[in-house]
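Novice: Below you'll find the structure I mean.
Each value in this text was obtained by applying a stated rule to the coordinates, not by laboratory testing. It should be emphasised that the depicted structure is a prediction, and the values quoted were computed from it without experimental measurement. Here the Cβ positions follow ideal geometry from the backbone for every residue, glycine too, while neighbour counts run over all protein chains shown.
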Amino acid sequence: MDFDPNLIARLQFAFTVSFHIVFPAFSIGISAYVATLLLIWAKTGADRFHRLARFWTKIFAVSFAMGVVSGIVLSYQFGTNWSRYSEVVGNVVAPLIGYEVLTAFFLEATFLGIMLFGWDRVPAWLHVLSACIVATGTAISGFWILSANSWMHTPAGFEVRDGVAYPLDWLQIIFNPSFPYRFAHMMTAAYLTTAVVVLSVGCRYLLANRFGEDARTMVRMAVGMIAIVAPLQLIIGDQHGLNTLHHQPAKVAAMEGHWNGDEPVALSLFAIPNPEAERNDYDIALPRVSGLILTHEWDGRIKGLRDFPRDQRPPVLPVFFAFRIMVAIGMLLIATGLAGAWLWWRGTLWETRWYLKAASYVWPLGFIAILSGWVVTEVGRQPWVAWGILRTADAMSPVSTGSLVISLTLFVLVYCCVFSVGVYYINRLINRGPDPAIIAPPRGGAANRPLSAAQDATRGAIAGGPEPAAG
Amino acid sequence: MEWYLPLAWGWIIAAAVAMYVILDGFDLGIGILFPFAKDEHERDQMMNTVAPFWDGNETWLVLGGGGLWVAFPKAYAIVMPALYLPVIVMLLALIFRGVSFEFRWVAKPNKSVWNITFAGGSILAAFCQGLILGGLIQGIDVQTQPNIGPQFAGGAFDWATPFSLLCGVGVVLGYALLGATWLNMKTDEEVARRSRRQAPALLAAVLVAMGLVSLWTPLAIDRIWDRWFSLPNFLFLWPIPLIALGVAYLVWRGLENGREIGPFFGSIVLFLLGFLGLAISTFPYLVPPHITFWDAAAAPASQIFAGIGVAIMFPIIIGYTVLVYWLFRGKVRAGEGYH
């Protein structure tokens, strides 16, 4: 059999990184949610916030573990599969990853121990603080990794000598032109995705008449979050698109399925781009609308794919379709948020079963949108791995095709088995729901308590025993 | 500057690897000793001693790999392809073992699958780390390619030699020793008693493995023979193996006398001495036998920028790591847990 080693290496990276991104995105969101719940609990003392925080922390633990182990793989894969990439851009990109490890990974991983196991062992304030630190750590991690990724799209602050990139100005490197947009877009996506999951879980409970008070709290928080953040994401995404148009016009042309730069840009609702014939088949399009969005002019023009030599065009089909999936989901989530907010405001949210039912199924949408968005931006960057510096085809390691095939097979087998079990367990935790037997510890003033897990465990057992399971 | 920087970074990477080997060493060791536990309660107790720490411990591995890329991209770009299969298998093994920590609790009461993955993943990861160590020490086939400089030029199984297999077994035994002395310190009753019985046997096995590696490397590689047995080097270096033997004796005595803290830290010192010995053998090569620390160094601007981060963050990281170990100090008693 004849495999193209570059294609296998790319498939492997696409596979491992796609699996990975789902978990950190979720972890960024849930850690922030848990921290929020604990802060509200610390302020109000309402038990349900503590109960919910404990519940979501369990799910966070499983998701975080999967994020960690799949992330370690990536930090080594740059070297195993993409050693030329590591060498050519290492001087610039590697220190950003180094800072991610130093400022975020250790912070998250260490305080995670307190967050997961310190409920009854450390004073309440320290536990709440740890949850906040973990949430901050995940955001710092996002900062560095998106900075590194953005630099690959819009490199700045460097020079190339003998084919190797050397840093000139670290501020320009870190805050490269596409970074602020990408960072805002991805972090918002992570928080939005999690809010959507929380909404679905809450609605699932409400439909089953379980955990009434807790479920309503989740739904209210999620609906509020989605109603604000989903429209905001549309604006951020639009700005990100304009930034991409400026720096990577070929990517935008692929996103729009726009071939001829002499024509105004139509908003293609559906089409099958035909790279051989350089046109779209079965095109259903609103004329001029995309041009209006992208240039804010009725007669706006952007470069079409034909304006780029064939060897500098990204693969059009994946970019084109993934972009449509992402935008469609974005619109759906805006509708979900606004409809929920409207019903809430009218006071009929809990009785509107069609809404609860529909909302209980939306949980995967955020993840699909995130994956689609990454396909748009990463495939859209092709044929470059670092835009204008190194082509993907030249970035590989000198390893045998056999090694690549073996490792790809192992990754597919292991990931499919381990991570599907992980998702199954998350689902199982969700089915179990918040534990009504858990009593929140006294807030504040606990700093002098002797640190004894056993004592608290006994207290929890006594207090939880006779109480009827609520909900 | 261009002379000191790579050296400073050599120390940073060495520190990260040493931290990793010690910290993840004992928690991988728990996994290696998992099959010897009698029942689920004992396994719960064993796992609970490391549950709050394992994530932080494993982060040192990311710093080791990431740091190598940051400071020595050319070495990273040669070592990773050369040790491709052991690295990939190690990562997969770490996946199985890492998720076992969480999955095992959620899977209650059907934990058996995740007991196997935890033990198997730990053993395999440790073994692969030994293969990587052995593969590096015995040398990597590097050739200079036109326009792009030195590249890995060997085959997919170059690392697979009797020597690297010996290193693999040695690392498994060494981690098990760290795990046993950790359990001796952090648990009570049956688990502690068993680890006290296991530790001396493991100690003896580790000494044998270290002795074999110490004999094998100078006999097989002239460069290492010259390093240790030429004058005046020998005059300075001869105490190192003797100190190692002395430490091993103290560990053994400590275990005999029912000490808890001493044997664990003694085992760590033993590890560090082994690490020092290997470093002495291979210096100044980062990728023996061709690429030195200076050959592989990143641009000075990159090493300085990342070095500033290390200088600021290392003390902070050590600080909160100590905090967490202190918060979860004391023994995990039978039947008691954090979950």
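Novice: Given the pairs A:357/B:111; A:58/B:331; B:108/B:331, which are separated by over 26 angstrom at their Cα positions?
Specialist: Working: A:357/B:111 34 Å; A:58/B:331 24 Å; B:108/B:331 24 Å.
Exceeds cut-off: A:357/B:111.
Novice: Moving on to the next point. Grab the Cα-Cα distance for residue A:312 and residue A:207, subtract it from 0.36 nm times how many residues apart they are, and report the gain in nm with one decimal.
Specialist: Details: separation 105, 0.36 × 105 = 37.80 nm, distance 5.20 nm.
Taking 0.36 nm per residue and subtracting the Cα distance, the gain is 32.6 nm.
Novice: Count neighbours as other Cβ atoms within 10 Å of each site's Cβ, and list the chymotrypsin sites (Phe, Trp or Tyr not before Pro) in the range A:350-382 that are DSSP loop with at most 14 such neighbours.
Specialist: A:361
Novice: Tell me the net charge near residue B:21. Cut-off is 15 Å between Cβ atoms, residue B:21 excluded, with +1 for each Lys or Arg and -1 for each Asp or Glu. Don't jump to the answer; show the numbers that get you there.
Specialist: Values: positive: none; negative: B:24, B:27, B:58.
Neighbourhood net charge equals -3.
Novice: What residue among B:211, B:98, B:139 shows peak mean-square fluctuation when chain B is described by a Gaussian network model with Cα springs under 10 Å?
Specialist: Top of the fluctuation ranking is B:211.
Novice: Would you mind computing Rg(Cα) / (2.2 N^0.38 Å) for the protein assembly as shown, counting N as its residues?
Specialist: 0.99
Novice: Average partner chain C-beta neighbours within 10 Å, per residue of A:160-172?
Specialist: 3
Novice: Label residue A:417 and residue B:160 with points 7 Å out from Cα along Cα→Cβ: what is the distance between them in nm?
Specialist: For the pair residue A:417/residue B:160, the computed spacing is 2.0 nm.
Novice: Kyte-Doolittle mean at least -0.5 and Cα extent at least 27 Å along the axis: which DSSP H helices of chain A qualify? Display every interim value, and only then the final one.
Specialist: Details: long enough: A:5-44 (58 Å, 1.25); A:47-81 (50 Å, 0.47); A:124-153 (44 Å, 1.05); A:179-207 (42 Å, 1.04); A:212-247 (50 Å, 0.40); A:316-346 (45 Å, 1.65); A:401-432 (46 Å, 1.37).
TM-like helix candidates: A:5-44, A:47-81, A:124-153, A:179-207, A:212-247, A:316-346, A:401-432.
Novice: Still on this model: Pick from B:73, B:241, B:146: which is most flexible by mean-square fluctuation in a GNM of chain B where alpha carbon atoms under 10 Å apart are linked?
Specialist: B:146
Novice: Net charge near residue A:153: determine it from the other residues with C-beta under 12 Å of the C-beta of residue A:153, scoring Lys and Arg +1 and Asp and Glu -1.
Specialist: Details: positive: A:182, A:251, A:381; negative: A:378.
It works out to a net charge of +2.
Novice: Next question, about the same structure. Could you order peptides B:50-63, A:269-282 by the average number of other Cβ atoms within 10 Å of their residues, highest first? Walk me through the numbers on the way to the answer.
Specialist: On the way: B:50-63: 24.6, A:269-282: 13.6.
Averaged packing, sorted descending, gives the order B:50-63, A:269-282.
Novice: Evaluate E = 1/(1 + (r/R0)^6) for residue A:429 and residue A:235, where r is the Cβ-Cβ distance and R0 equals 30 Å; express this FRET efficiency to the nearest 0.05.
Specialist: On the way: r = 35 Å, r/R0 = 1.15.
According to the calculation, E is roughly 0.30.
Novice: How many Cβ atoms of partner chains, on average, are near each residue of A:411-417 if near means within 10 Å of its Cβ? Could the numbers behind the result be given before it?
Specialist: Numbers: counts 4, 0, 1, 5, 2, 0, 1.
Rounded to a whole number, the mean comes out at 2.
Novice: Report the residues of the range B:180-208 in range of a label on residue B:256: point 7 Å along Cα→C-beta, backbone N strictly under 13 Å from it.
Specialist: Those under the cut-off are B:200.
Novice: Can you give the translational diffusion coefficient of chain B in µm²/s, computed by Stokes-Einstein from the Kirkwood radius over Cα pairs at 25 °C and 0.890 mPa s?
Specialist: So the translational diffusion coefficient is about 117 µm²/s.
Novice: Can you tell me the FRET efficiency between residue B:40 and residue A:171 if r is taken as the Cβ-Cβ distance and R0 is 56 Å, rounded to the nearest 0.05? Spell out each step's value before the answer.
Specialist: Numbers: r = 54 Å, r/R0 = 0.97.
Step by step, r from the Cβ atoms, then E = 0.55.
Novice: A further question follows. What is the packing order of peptides B:187-200, B:118-131, taking the mean over residues of other C-beta atoms within 10 Å and listing the highest first? Can you show the working numbers first?
Specialist: Working: B:187-200: 19.0, B:118-131: 24.7.
Packing proxy ranking, top to bottom: B:118-131, B:187-200.
Novice: Let me ask something else. Per residue of A:397-403, how many C-beta atoms from partner chains lie within 10 Å of its own C-beta, taken as a mean?
Specialist: Numbers: counts 8, 11, 8, 5, 1, 4, 7.
Mean shielding by partner chains, rounded to a whole number: 6.
Novice: With everything on Cα atoms, drop me the angle between helix B:261-282 and the longest principal axis of chain B, reported from 0 to 90° to the nearest 10.
Specialist: Orientation of helix B:261-282: about 20 degrees from the principal axis.
Novice: Based on the mean of other beta carbon atoms within 10 Å per residue, what is the order of B:258-271, A:68-81, A:113-126, A:230-243, most packed first? If you can, show how the numbers build up before the last one.
Specialist: Working: B:258-271: 20.0, A:68-81: 24.4, A:113-126: 21.6, A:230-243: 17.7.
My ranking of the peptides, most packed first, is A:68-81, A:113-126, B:258-271, A:230-243.
Novice: On to the next question. Got a sec to turn the phi values of the range A:289-305 into Karplus ³J(HN,Hα) couplings, 6.51 cos²θ - 1.76 cosθ + 1.60 with θ = phi - 60°, whole Hz, x for Gly and Pro?
Specialist: Per residue, the Karplus-derived 3J(HN,Hα) values read 5, 5, x, 5, 5, 7, 10, 6, 9, 4, 9, x, 10, 10, 5, x, 4 Hz.
Novice: Now for a different question. Spin-label point model (7 Å from Cα, Cβ direction): what's the residue B:204 to residue B:223 distance in nm?
Specialist: For residue B:204 paired with residue B:223, the spin-label model returns 3.7 nm.
Novice: Could you tell me the calculated FRET efficiency between residue B:188 and residue B:212, based on Cβ-Cβ distance and R0 = 30 angstrom, to the nearest 0.05?
Specialist: Working: r = 35 Å, r/R0 = 1.18.
The calculated FRET efficiency here is 0.25.
Novice: Once label points are set 7 Å from the Cα along Cα→Cβ at both residue A:282 and residue A:246, what is their separation, rounded to one decimal in nm?
Specialist: Between residue A:282 and residue A:246, the simple spin-label model gives 3.7 nm.
Novice: Next question. Test of understanding: in a Gaussian network model of chain B with alpha carbons linked when under 10 Å, which of B:111, B:186, B:74 would top the mean-square fluctuation ranking?
Specialist: Between B:111, B:186, B:74, it is B:111 that shows the largest mean-square fluctuation.
Novice: Counting other C-beta atoms within 10 Å, which of B:84, B:285 has the fewest, and how do the rest follow?
Specialist: Working: B:84 27, B:285 20.
Fewest-to-most ranking of B:84, B:285: B:285, B:84.
Novice: Helix B:54-71: angle to the longest alpha-carbon principal axis of chain B, degrees 0 to 90, nearest 10?
Specialist: 0 degrees
Novice: Follow-up question, since we're still on this one. Using modelled amide H (1.01 Å from N, peptide plane; none on Pro or chain starts), what sits under 5 Å from the amide H of residue A:391, excluding residues fewer than 5 places away?
Specialist: Residues meeting the criterion, in which the H sits 1.01 Å from N, are A:385.
Novice: In degrees, nearest 10, range 0 to 90: what is the angle between the Cα axis of helix B:239-256 and the longest Cα principal axis of chain B?
Specialist: Between the helix axis and the principal axis of chain B, the angle is about 10 degrees.
Novice: Hey, another quick one. Which residue, chosen from A:192, A:114, A:329, occupies the Cα position most advanced towards the positive end of the dipole of chain A, where the dipole is computed from +1 (Lys, Arg) and -1 (Asp, Glu) charges on Cβ about the Cα centre?
Specialist: Sorting the options by dipole projection puts first A:114.
Novice: Still on this structure: Taking the Cα centroid of the range B:296-312 and of the range B:238-284, what is the distance between the two, rounded to the nearest whole Å?
Specialist: 32 Å
Novice: Kirkwood Rh over alpha-carbon pairs of the range B:53-108, then Stokes-Einstein at 10 °C and 1.306 mPa s: what D in µm² s⁻¹, rounded to an integer? Mind showing how you got there, number by number?
Specialist: Working: Rh = 12.8 Å.
Answer, rounded: 124 µm²/s.
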